[in-house]
Structures are given as structure tokens and as C-alpha cells.
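Worksheet: one structure, shown below.
Derivation of every value follows stated rules applied to the coordinates shown; laboratory data play no part. As the structure is a prediction and not an experimental result, all values here were calculated from the model. Glycine gets a Cβ as well: all are built from the backbone with ideal geometry, and neighbour counts include every protein chain shown.
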Amino acid sequence: MKFKRIFLVVLDSLGVGEAYDANNYGDTGSNTLGHIMENYDLFIPNLKKLGFLNTLNMSASDEVEAYYTIARPTNLGKDSLSMHYELFGIRNSIPFQNFSETGFPRELIDQIEVITGRRVIGNKCATGKEMLDELGERHLNYGALIVYASSDSNLYIAAHEDVIPIAKLYHYCEKIRKITMREEWRVGRVIACPFTGKPGRFKFTKERMEYAVKPPKKTVLDFLKEHDYSVISIGKISELMDGEGITKTMRASFNIDAINKLTDVMEKKFTGLCCVNLSEFDFFGHNRDVNGYANLIEEFDVEIPMILNKLNNDDLFIITADHGNDPTMKGNTHTRENVPLIIFGRDFKDPKRLEIRETMADVAATIADNFDVEMTELGTSFLEELQ
């Protein structure tokens, strides 16, 4: 069975249980969805019909409306960039530099101060909210850049829009991206984080911008684009891939904004792939906010019927995730977890549990198989199993 359009929705950080190598990352016992359900009376009837809850223990069910299974991570790391590389079919065996333990090297900080002409404050691993609470007022008074790290191999730069205009902040980040291509400083992403407000009421805006490294090899996105298929990115996927393989980019900071853009795209005529990243889940994971995370899952569940109703008979709808971010674990980092994999089509005759996928790249291989483009270096297609 072949499909004219494939819609891929990535529930950023919504893992469903520790990966086989979770102990290597200090994540033994992690389970983002499972622990949320233990601490919150989650009501998601529409996702349940798709087999979403069955992915927690891989229980069999003949009452589901979609194929379901889990996929195991194989790329090193648990950052969004490495995991999206795998999701789109390429191997990443060298983790990006991580400065969560020590902060960024003094030499790098000195370089940032030289190329921007501004002092740097912060330089530690923290959440954005923690940084704004601690240093936002100081930034307002002195104009220094708030720089902080995360376990994600990210270098964040936060600045108030009244102090540093957004265009200037982006310019700074472009310069910093260039110097962080040095191997000893090579972080996965440099991220501009504009914010507004007054002390005690600071908040980040929708104008966040990510500057990632280019993928080391071609992904399934590149192969689709080279064969003149549409590759539409909603959310941060285009930024993660540094625009490679993307034919149309639609920015979205909040889940509901991304979902609204998705349903708009579904009404258009095109042949190819539309991939969506719902990044707001990850925010509540980092902030260890179980209730906030659960509310977002329920809000997504409410949108499921509308999304499915907009599918044509020759459309394929896939839900997955990139990693975990268990809000019940200590710290504020991602967790090394398996991810759910839900596959829905209107004409499926016998949706059921599939065998566990040994890599998230099986998604990329299936997309490549469907559109008859070059096969990715990682992954095995499950297209023929969809009946």
C-alpha cells in the first residue's frame, strides 16, 4: 500500500519507558508517559483508540484503530539533534560537546564577548526560567548576554527585546555558531531566546531561533526534495536540520499553533511529507511540571479527531517522539527512552501491534520506501506490514 502524503508528528520528549542502555545515561527507571499517568489521571480516549497507551507495555489489542509499537534509539546521546538525525535515517556515532557539568570554557566565553562587544553572565546549566529569574534584571541594568547550557549540547543566549533587538540577537548567534564549529566547542545548537516583561514577570517570546550544524549526510528529507516531492516542516524540524531537505518552513512555538498549521496544510494539495514537531511538551519536561505536561497531552488528544477527519484515503499519519523528558526524574535533562510509534490510515483492514522497531530510523526507511527514493543508511521499512 502506497500513500500520496505522509504526515509525521513528533511529540517532542514523550518517551514511553527506559531504553536498553538507559543506565549509561543515568536514566534507569525513566518513563515519561508512564510516570505522568501515575501522578495524573490522564484522560486521552482518542489516543487510546490508536494504541498509544499500549506502547507502555506492548500489550496486544484487537480494539485499536491504528498500528502501534515502540522504536528504540540507537544514535549516541539523548539530545534532539542526534535523535532527529536517527528519525530521518542517519547515524550519529560521535556525541556533540556537552558543557552541562562545567559551563562553557573561559576561552569560548571570551570569544563571545569579543565578537558581540557585550559581557556574558550566567554560564551554567539551567532552565531558561531559572536564568530569567536569577539574571533577567541584571541583564536589563547592564545589557550583558545571558548565556547558559543544557544537557542537550545547546548554547542558549537570552536577551530582552528592549535591550537587544531580535535582529541583533540573531546576528550574535550566527557569529557564535561559526566559532562553535571548532571541534572542542562543537555544540549541537546555538539557540537565540528573546524575552520580554519586567522583573518577576519575564517570559520568552515566540521568536526563539535555533542554529544547528548541518547533518553529516543526506537524510530522507534530502532524497524526497531531490525527487521533487514536497517536504513541509512545521515547528523546529527545519532548524534542527539547518534547512536541509526542506521545501517549505512554517514556524510554531506552541503546540496548538503547530497543530493549526498542520490542519491548514492538510487541506492543501501536495505530494510528499509534512513533518511536525510539537516542542511544547519538552518545555514542561525540563521544568519537571507533571500537571503542565499532562494537560498538553490531553489538549493534543482533543485535536486527534479533527486531524484524522482531514486525512484522505491515500494519506498516512504517523505519531512518534524523539526522546524522553520524564518530569518525575531528578534534574532537568532529557531521558534516554524508547519512543511510541503510531501508524494510522483510513483504509487499514487489520490494525494491530507491530514488532518492536530496533531503530527510530525505521520511520525514515518507510517514508523512503513509500516514495521510491534512495534508502537511508539506517532503518528497515515496515510499509509492507501495513494492510
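Quick one: net charge of ASP27's neighbours, Cβ under 10 Å, K/R +1, D/E -1?
That sum, taken over residues with Cβ under 10 Å, equals -2.
Past the 23 Å Cα-Cα mark, which pairs from LYS4/LYS261; LYS225/LYS349; LYS178/LYS330; LYS218/LYS269; LYS178/LYS217? Please report the intermediate quantities before stating the final value.
Numbers: LYS4/LYS261 19 Å; LYS225/LYS349 31 Å; LYS178/LYS330 34 Å; LYS218/LYS269 26 Å; LYS178/LYS217 20 Å.
Distance filter (> 23 Å) returns LYS225/LYS349; LYS178/LYS330; LYS218/LYS269.
If the chain linking ASP133 and LYS168 were pulled fully straight, counting 0.36 nm for each residue of separation and taking away their Cα-Cα distance, it would gain 10.3 nm. When both the stretch 35-98 and the stretch 282-353 are represented by their alpha-carbon centers, they are found 8 Å apart. Can you work out the Karplus-derived ³J(HN,Hα) for every residue in the stretch 201-215? Use 6.51 cos²θ - 1.76 cosθ + 1.60 with θ = phi - 60°, whole Hz, and x for glycine or proline. Computed from phi, the couplings for the stretch 201-215 are 9, 5, 8, 6, 9, 6, 8, 3, 9, 10, 10, 9, 6, 6, x Hz.
Distances between placed amide hydrogens fall under 5 Å for ASN123 paired with VAL147, TYR148, all partners being 5 or more residues away or on another chain.
What does the net charge come to around PHE96 if you take all other residues with beta carbon closer than 9 Å to its beta carbon, with K and R at +1 and D and E at -1?
0
Using C-alpha pairs below 8 Å separated by at least 6 residues, the relative contact order for the stretch 170-264 is 21 percent.
The length gained on full extension between TYR142 and PHE270, counted as 0.36 nm times the residue separation minus their Cα-Cα distance, comes to 41.0 nm. For the stretch 104-113, the Karplus equation 6.51 cos²θ - 1.76 cosθ + 1.60, evaluated at θ = phi - 60°, returns couplings of 6, x, 4, 4, 5, 4, 4, 5, 4, 5 Hz by residue, with Gly and Pro reported as x.
Ordered by the count of other Cβ atoms within 10 Å of each Cβ, fewest first, SER80, SER233 give SER233, SER80.
Determine the percent antiparallel among the DSSP beta bridges restricted to the stretch 106-212, to the nearest 5. Present the calculation step by step, with values, prior to reporting the outcome.
On the way: 11 of 22 bridges.
Restricted to the stretch 106-212, the bridges split so that about 50 percent are antiparallel.
Give me the Debye-computed log₁₀ of I(q)/I(0) at q = 0.23, 0.25, 0.33, 0.34 Å⁻¹ for the stretch 265-305, equal point scatterers on Cα only, no solvent, two decimals. Result of the Debye calculation: -0.81, -0.87, -1.11, -1.13. The equivalent ellipsoid that matches the C-alpha gyration tensor of the chain spans semi-axes of 35, 22, 20 angstrom, in descending order. Determine, at each q value in 0.15, 0.19 (inverse angstroms), the log₁₀ of I(q)/I(0) that the Debye formula gives when each Cα of the stretch 106-212 is one equal point scatterer. Taken in order of the listed q values, log10 I(q)/I(0) reads -0.54, -0.89.
Do the sum for the chain: with -39,500 (n - 2.57) for every DSSP H run of n ≥ 4, divided by all residues, what is the mean residue ellipticity at 222 nm, to the nearest 500 deg cm²/dmol? Don't jump to the answer; show the numbers that get you there.
Working: 12 runs with 121 residues, N = 387.
Mean residue ellipticity, 222 nm, calculated: -9000 deg cm²/dmol.
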